[in-house]
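The values are calculated or read from the model by the stated rules, or taken from the named source; none is laboratory data. Remember, predicted model here, so these are calculated numbers, not experimental data. Because the Cβ atoms are built from the backbone with ideal geometry, glycine has one as well, and the counts that use them run over all protein chains shown. Surface areas here come from the heavy atoms of the whole protein model, side chains and all, with no ligands, DNA or RNA. Shrake-Rupley method; radii C 1.70, N 1.55, O 1.52, S 1.80 Å.
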Amino acid sequence: MEHLRKDDAALCPSAQPGAERVAVFAVIQGTATEPRAAYLDRLVPLTPEIAAMAAPVDPREVFRMSAPCASGGCRHFGEGRCSLVTRLVQLVPTAVTSTPPCMLRPDCMWWHQEGVEACLRCPQVVTHMYGASPQLAEAATPPEQTV
């Protein structure tokens, strides 16, 4: 398996298209209100050509992307943890009954932090989503940042 990482940073499974070393690991299928990730068998670097395949919509609506965890550079990161996945596990019902086949799992920040509970919710996560359930919308809202 090819790794795109140059360091030991865990991979964030909710990366933005502009992140450093960003790669696609799943394609969103289903509907706007019931999306499901179809996991790829390898990481595919997000090139301008691949991003353009999402047109006319935003690539964040079509692709699940990973990149090395931005840690303190991310609004969902604090106290050494990803608060996004913590809120997903606390607030959002599971989407599947068994862990989906995901090649990102060995390096996934969410897996290392929350284990199977994160994987059971991951297939319904869309980085930029219309029609999100109230639970998903609340989970995606970052905590207040203290200065």
Check your understanding: How many residues, within the stretch 8-57, are open to solvent by less than 70 Å² (accessible area, probe 1.4 Å), among the polar types (S, T, N, Q) and under 22 Å from L84 (Cα atoms)?
Key -> 1
Point to revise | Those residues of the stretch 106-125 which are open to solvent by 20 Å² or more (accessible area, probe 1.4 Å), more than 19 Å from G80 (Cα to Cα) and in contact (Cβ under 8 Å) with a residue 40 or more places away in the chain, in sequence order | key: Q124
Check your understanding: For the stretch 57-147, which helices (runs of 4 or more DSSP H) that fit wholly inside it have 1 or more residues that are modelled with pLDDT under 90, aliphatic (A, V, I, L, M) and under 19 Å from P17 (Cα atoms)?
Key -> 134-140
Study note, to complete from the structure: The residue from V22, V44 that alone is touching a helix residue (DSSP H, G or I) at 6+ places or on another chain (Cβ under 7 Å) and modelled with pLDDT of 95 or more is V44
Review point. Before we move on, is R36 assigned to a strand (DSSP E or B), touching a strand residue (DSSP E or B) at 6+ places or on another chain (Cβ under 8 Å) and of a type in the set (D, E, K, R)?
Key: yes
Revision key, fill the gap. The correct count of residues that are open to solvent by less than 60 Å² (accessible area, probe 1.4 Å) and under 16 Å from Q124 (Cβ atoms) in the stretch 67-90 is 5
